[in-house]
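Trainee: First the structure, which I've put down as structure tokens, then a few questions once you've had a look.
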Amino acid sequence: MEKNIAVAIDLGATNVRMALVSKNGKILKKIKEKTSKTGPSGIVIAEQIKRMLYSLTVEKDIPKLSGIGIGSIGPLDLKKGAVINTPNLPFKFIPLVKPLEKEFNLKVALFNDCRAGVWGEKHFGAGKGKENLVFITISTGLGGGAIVNGHLLLGKDGNAGEIGHMIAETKYNFPCRCKKGYGHWEACASGNNLARFFDFWLNKNSVKKNIHFADPKDIFKAAEKGNQTALKFLDEVGRISARAVSNIIVAYNPELITIGGSVALNNPEFILNPIKKYIEHYLINPEIKITPLGDDLILLGAAACVFWPPV
Ligand SMILES: [Zn+2]
């Protein structure tokens, strides 16, 4: 009997999502838990995944599964099959591949969430039939994945595409939370930075100083209502994003760029319009759009990594 159901895991700093996904891209069952953040070591994450998997399916069906795919927060060490030194969880080393393969006797495919995401876009989404595409997530953090001539780019440790930490602005030199540099794209445009960057931008521009947004959602809400300061700020963030996207285009020469992640999915116009307005045109620009796979892209990508191993 052909095995055509995979376990897909989207391991984020906030949530662990898990699903059974069929080879034609159908999500058969999906569960979600808050990511474990307490315990003696990073092994608690693998323990949580084990527990969730036993609740997702009955034990006797596990040998019939095609494998386990994980789209994970980074950085990764693919040789060790682990997440290492992630700034978003309190564990230095989170082993995943070995403990899960041992427990379930299934092959575990571990990739960074955005690299899994672009693989999912190619197999189940807007990238079907395309050999050159980039996926960008604008969520709590910001990252990406690229497929060039049909190959998923991974780099030495699996971290090629950490585009959130490329320099996208030099006007403000705003420090990134990664503490490794200034003017990083993520520092200006991701969900956990927008409000922080807004305060900095306001100060730098000496415009009205009596506004503060505690939550990035409020910036978008204000812009929707026509608040000029919020609109001006989002235009500036878009200019920075356009610069980053222009860099991505000359680096990878994609025919398609899809954008996902909660910030982009909830505010598509405020994200796409300024990028299209300010993008550079050194090369013929690719199609740029919001991913049609929405919130499920990483799960579908993790499943795609099981059915069609990228390496
Ligand atoms: Zn950074």
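Trainee: Using the heavy atoms of the protein chains and a 1.4 angstrom probe, tell me the accessible area per residue for the chain in square angstrom.
Mentor: Working: 14230 Å² over 311 residues.
Accessible surface, normalised per residue, equals 46 Å².
Trainee: Counting Lys and Arg as +1 and Asp and Glu as -1, what is the net charge of the other residues whose Cβ lies under 12 Å from the Cβ of residue 135? Numbers along the way, then the final one.
Mentor: Numbers: positive: 115, 122, 130, 289; negative: 113, 121.
Neighbour charge sum, excluding residue 135 itself: +2.
Trainee: Hey, can you grab everything whose amide H is under 5 Å from the amide H of residue 261? Only 5+ residues off in sequence or another chain; H modelled, so Pro and N-termini drop out.
Mentor: Those lying under 5 Å, H to H, from residue 261 are 138.
Trainee: Among DSSP bridges having both ends in the stretch 5-112, what percentage is antiparallel? Round to the nearest 5.
Mentor: Of all bridge pairs located within the stretch 5-112, approximately 65 percent are antiparallel.
Trainee: Given the -39500 (n - 2.57) contribution per DSSP H run of 4+ residues, what per-residue ellipticity at 222 nm results for the chain, rounded to the nearest 500 deg cm²/dmol? Numbers along the way, then the final one.
Mentor: Details: 10 runs with 112 residues, N = 311.
Value at 222 nm, helices only: -11000 deg cm²/dmol.
Trainee: Can I ask one more? Straight-line reach from residue 276: which aspartates and glutamates have a Cα under 12 Å away, not including same-chain ones fewer than 8 places off?
Mentor: List returned: 235, 287.
Trainee: Quickly work out the residue 178-to-residue 269 label distance, labels modelled 7 Å from Cα along the C-beta direction, and quote it in nm with one decimal.
Mentor: Distance between the two pseudo-spin positions: 3.3 nm.
Trainee: Tell me the carbon and sulfur percent of the accessible area for the chain, rounded to whole percent, probe radius 1.4 Å.
Mentor: Carbon-and-sulfur percentage of accessible area, whole number: 52.
Trainee: Amide H of residue 36 versus every other amide H placed in the peptide plane: which residues, excluding those fewer than 5 positions away on the same chain, fall under 5 Å?
Mentor: none
Trainee: Ranked from highest to lowest mean number of other Cβ atoms within 10 Å per residue, what is the order of the peptides 171-179, 114-122, 18-26?
Mentor: Those peptides, ordered most packed to least, come out 114-122, 18-26, 171-179.
Trainee: When DSSP assigns beta bridges and you keep just the ones with both residues in the stretch 57-154, what percent turn out antiparallel, to the nearest 5?
Mentor: Of all bridge pairs located within the stretch 57-154, approximately 70 percent are antiparallel.
Trainee: Rank by packing, highest mean first: peptides 292-304, 78-90, 34-46, 250-262, with packing defined as the count of other Cβ atoms within 10 Å averaged across residues.
Mentor: Ranking, from highest mean packing down: 292-304, 250-262, 78-90, 34-46.
Trainee: Further, regarding this structure: Would you mind checking the pairs 92/217; 79/122; 3/107; 23/64; 180/289; 26/128 and listing those with alpha carbons more than 19 angstrom apart?
Mentor: Over 19 Å apart, Cα to Cα: 92/217; 79/122; 180/289.
The values are calculated or read from the model by the stated rules, or taken from the named source; none is laboratory data. Fair warning: this is a prediction, and the values are worked out from it, not measured in the lab. Every residue, glycine as well, gets a Cβ built from its backbone with ideal geometry; the counts of neighbours run over all protein chains shown. Keep in mind that these areas ignore ligands, DNA and RNA; they rest on the heavy atoms of the full protein, side chains included. Shrake-Rupley method; radii C 1.70, N 1.55, O 1.52, S 1.80 Å.
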